[in-house]
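Novice: Okay, handing you the structure first.
The values are calculated or read from the model by the stated rules, or taken from the named source; none is laboratory data. Predicted, not measured: the structure shown is a model, and the values here were computed from it. FYI the Cβ positions are ideal-geometry reconstructions off the backbone, even for glycines, and counts take in every protein chain you see. Side chains are part of the model used for accessible areas, which takes the heavy atoms of the whole protein and leaves out ligands, DNA and RNA. Shrake-Rupley method; radii C 1.70, N 1.55, O 1.52, S 1.80 Å.
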Amino acid sequence: MRLGQKNLCYSMALAGVMLLFLTGYFMYMLPSLYVDYVMEQNLNSLREQHRSYMENHTYEGIRVKNATACISVDIPMEGNSFLVTGKAFSMNVTVRDRRLQEILDRFRQQASAGQVRREDAAVLEEDAERLMEMFRETMRENTALPFSISQLYVRDMGNEFYHESVKMHSYLDDFVIFEMSIEDSNNRYTNYIAVECDENRLVFSLLPAVAPEADEIRPVVLQSLPMLAAVILLVVLLSSRMYSRGIVGPVIELVAHAEQMKSGHDFAGRRIPENRQGKKDEVRMLADTLDDLYRQIRKGYQKLEEKNQELEEENKRQEVFLRASSHQLKTPIAAALLLVDGMINEIGKYRDTKEYLPRVKEQLLSMRKMVEEILYLNRCTENIRIHPEDAGRLLEQSLQSYQVELADRRLSLDVTENGKLTMDTDEAVMVQILDNLLSNAVKYTPDGGRIQITVEGEDKEIRIENFGVRIPGELLDHIFEPFVGGNHGAGSVPGKDSHGLGLYIASYYAKKLGISLTVSNGRDSVRAVLAFPEKK
């Protein structure tokens, strides 16, 4: 499953969980919270209603919860009259019945005694029963009524009501609110009565209310669930789409980026959407990590290639060693043995030992030089030590061994040093390079010829040029290969054919030291140039 599809599935699952949670919340917690909120609002409404009446002595300009049933009873502490005020009326009530006067006096007495107590609720209930009894007697006696009333029946409603409760809320020492509730099968009825007493009067404020039930709210919630589910689904789908564009899109770009890396193609830069350029988020960090990983792999691959090339050089060197020991040495050994056998057996011209013993020595010296070069080639690069060295001093040291041969063959040597050349190199290896190049120059320069050596301090070069000889064109491109050698043309010295190891060894050493070695033909010369790298 693709990342975008997974994201959509996770979003749908999240939408389902959110819908279940919200449904449970709306069905079970919200209705009860709403009922508690309405009850609290009713209580606060009566409180504000009572405080406003105490300040203004009227309901004009006062907002009440139930305009048809909210009233306040203002009872003076003396006399037989009291004031009843509502939103739409205000009337003065004069008590003429002795029993009502006793009830009124009892209210006054309790109020003047001090703080209104929780036990006063029971007294109010007892006095209410007396008032009801007086009302029933009045109906039976038809006293002062313009009509007659005959009671048909009286039904006991006690079984219809349940959960009767009385609560008292105290705010000040002389201000309390009684909350009296009762329920039937359909509604919950609550009467709020505020009682406050001061030095001159006793004031009652009444607020009857029908509180909503939780079951009344649940059907409304159920009807709103389809719309709620559609809104949640739409929000989740939009969020999923935005998330996919913001996250999945860059991930797809990174996949293409990684594919490009895997194919080994070069790339100019990171393929990240422009709106993420400059941001330092997880996607950008992943892209940076991929780029760093790619660069490290490329660098490691290049190092591996270099190591492979070095290993190939080493294998080639080993092959040189084996071929030299098994093939190149066979020819001089066979020639030396043939000469020795001829001299021992005194066959023909070989009887003249004074003439042919030097040739045997020459063959042995050639074999010794070849063996020394191969052995040194096998171990010289194991302990390379780089130090600053003076090129003039190393040249002078290398030329010491050729002074006799230069004089015997009447070779002219011209050494020019244009500035001091200091190079970072290994002395022993550098001497071996110079010795091979000088050996070739001396060996292949005709008798009476000229050799020019130039040291360029500014250009960091050493040029060795011997005149009167040229390298054949068919050999020029292969002179650094092992065992490529032979006669150097018409002007070369007879009997000076090369065994083909000198330039190969010099080139091998130069690569190890990071030096550029080139050999080319001049108009009538062979020029070898050593170019040294700049100091780091």
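Novice: Got a sec? Which of ALA428, ALA407 is open to solvent by 30 Å² or more (accessible area, probe 1.4 Å), without any contact (Cβ under 8 Å) to a residue 24 or more places away in the chain and either of a type in the set (A, V, I, L, M) or in contact with a Gly (Cβ under 8 Å, 6 or more places away or on another chain) (or both)?
Specialist: On inspection, the qualifying residue turns out to be ALA407.
Novice: So in region 204-236, with the set limited to residues that are surrounded by fewer than 15 Cβ atoms within 10 Å (Cβ to Cβ) and either of a type in the set (Ser, Thr, Tyr) or modelled with pLDDT of 80 or more (or both), which one is nearest to HIS163 (Cα to Cα)?
Specialist: In this case the residue turns out to be VAL210.
Novice: Please count how many residues of region 385-417 are part of a helix (DSSP H, G or I), over 21 Å from TYR509 (Cα atoms) and charged (D, E, K, R).
Specialist: 2
Novice: Now for a separate question. Cβ-Cβ distance below 7 Å, separation of 6 or more or different chains: which pairs start in region 72-95 with a residue that is closer than 12 Å to ARG201 by Cα and free of Cβ contacts under 8 Å to residues at least 12 places away in the same chain and end on one that is assigned to a strand (DSSP E or B) and open to solvent by 80 Å² or more (accessible area, probe 1.4 Å)?
Specialist: That search, which allows pairs on different chains as well, returns LEU83/ASN92.
Novice: Right, here's the next one. Could you check how many residues of region 33-70 are in contact (Cβ under 8 Å) with a residue 40 or more places away in the chain, out of contact with any helix residue (DSSP H, G or I) (no Cβ under 7 Å at 6 or more places or on another chain) and open to solvent by 40 Å² or more (accessible area, probe 1.4 Å)?
Specialist: 2
Novice: Right, another one. For region 287-296, which positions are modelled with pLDDT under 85 and within 13 Å of MET261 (Cβ to Cβ)?
Specialist: Across region 287-296, the qualifying residues are ALA287, THR289, LEU290, ASP291, ASP292, LEU293, TYR294, ARG295.
Novice: So is GLU183 modelled with pLDDT of 80 or more, out of contact with any Gly (no Cβ under 8 Å at 6 or more places or on another chain), under 25 Å from MET77 (Cβ atoms) and not basic (Lys, Arg) or not?
Specialist: Here the answer is no, as GLU183 does not meet what is asked.
Novice: Does LEU437 satisfy the condition of being hydrophobic (A, V, I, L, M, F, W, C), surrounded by fewer than 20 Cβ atoms within 10 Å (Cβ to Cβ), closer than 24 Å to SER520 by Cα and at pLDDT 90 or above?
Specialist: So LEU437 fails the test.
Novice: Looking at LEU339, LEU329, can you tell me which residue is out of contact with any Pro (no Cβ under 6 Å at 6 or more places or on another chain), crowded, with 16+ Cβ neighbours inside 10 Å and at pLDDT 75 or above?
Specialist: LEU339
Novice: If you don't mind, there's one more thing I want to ask. What pairs come up if the first residue lies in region 7-25 and is farther than 23 Å from PRO219 by Cβ, the second is aliphatic (A, V, I, L, M) and open to solvent by less than 40 Å² (accessible area, probe 1.4 Å), and their beta carbons are under 6 Å apart, counting only those six or more places apart or on different chains?
Specialist: Partner pairs satisfying both residue conditions: SER11/VAL236; ALA15/ILE232; ALA15/VAL236.
Novice: Among the residues of region 197-215, count how many are under 22 Å from GLU179 (Cα atoms) and either assigned to a helix (DSSP H, G or I) or touching a Leu at 6+ places or on another chain (Cβ under 6 Å) (or both).
Specialist: 2
Novice: Could you list, in sequence order, all residues of region 468-514 that are modelled with pLDDT of 65 or more, more than 23 Å from LYS316 (Cβ to Cβ) and open to solvent by less than 20 Å² (accessible area, probe 1.4 Å)?
Specialist: Selection gives VAL469 alone.
Novice: Which residue, of TYR243, TYR162, TYR189, TYR171, is out of contact with any His (no Cβ under 6 Å at 6 or more places or on another chain) and closer than 30 Å to ASP288 by Cβ?
Specialist: So the residue among TYR243, TYR162, TYR189, TYR171 that is out of contact with any His (no Cβ under 6 Å at 6 or more places or on another chain) and closer than 30 Å to ASP288 by Cβ is TYR243.
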